[in-house]
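*Asks:* Before I ask anything, here is the structure I am working with.
The values are calculated or read from the model by the stated rules, or taken from the named source; none is laboratory data. Predicted model only: the values in this text are computed from it and were never measured. We place every Cβ from the backbone using ideal geometry, glycine too, and count neighbours over all the protein chains shown. Note: areas computed on protein heavy atoms with side chains; ligands, DNA, RNA excluded. Shrake-Rupley method; radii C 1.70, N 1.55, O 1.52, S 1.80 Å.
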Amino acid sequence: MFEGAMTLTRLIDATTVPDGEGRAVPVSAELTVAVFNIEGEFFATQDQCTHGKASLCEGWTEGFEVVCPVHEGRFDLRNGAPLCFPVTDPLRTFPCQVRDGAVWAEIPRADN
Ligand code: FES
């Protein structure tokens, strides 16, 4: 479904994402990416919870897990895996890197 060319997309200045928090970055009309900083390591996932309309950036992190602010479902930021009820579907994740002080992620071209 999401096969095809990837575009390396500049998302946000790394310094604007505090340790242990996430920031939402809209990349298209359909997709907002959440950029999380976990002890200096950055992760990019879809921002919207797979269980509802919640923004995961408005939740909180515990280690490599993000907790949804609405029903407290949890996901593993490293691979998007759902970790507890009520979430059952994984998050989309996007390979990312820090370059020249900014966080970049590989976003499928269809999402740009
Ligand atoms: S909306 Fe996220 S767990 Fe329900």
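*Asks:* For the chain, set up a Gaussian network in which alpha carbons nearer than 10 Å are linked by springs, and say which option among 101, 59, 20 fluctuates the most.
*Replies:* 101
*Asks:* Could you give the length gained on full extension between residue 62 and residue 106, defined as 0.36 nm per residue of separation minus the Cα-Cα distance, in nm?
*Replies:* That pair, residue 62 and residue 106, stretches by 13.4 nm at full extension.
*Asks:* In addition: Averaged per residue, what accessible area in Å² does the chain show with a 1.4 Å probe, protein chains only?
*Replies:* 54
*Asks:* Related question: Averaging over every viewing direction, what projected area does the convex hull of the Cα atoms of the chain cover, in nm²?
*Replies:* Mean shadow area of the hull around the Cα atoms is 6.4 nm².
*Asks:* If you don't mind, there's one more thing I want to ask. If each of residue 29 and residue 84 carries a label point 7 Å out from its Cα toward its Cβ, how far apart are those two points in nm?
*Replies:* A separation of 3.8 nm, rounded to one decimal place.
*Asks:* In a Gaussian network model over the chain where Cα atoms closer than 10 Å are linked, find which of 62, 21, 30 has the largest mean-square fluctuation.
*Replies:* Judging by the Gaussian network model, the answer is 30.
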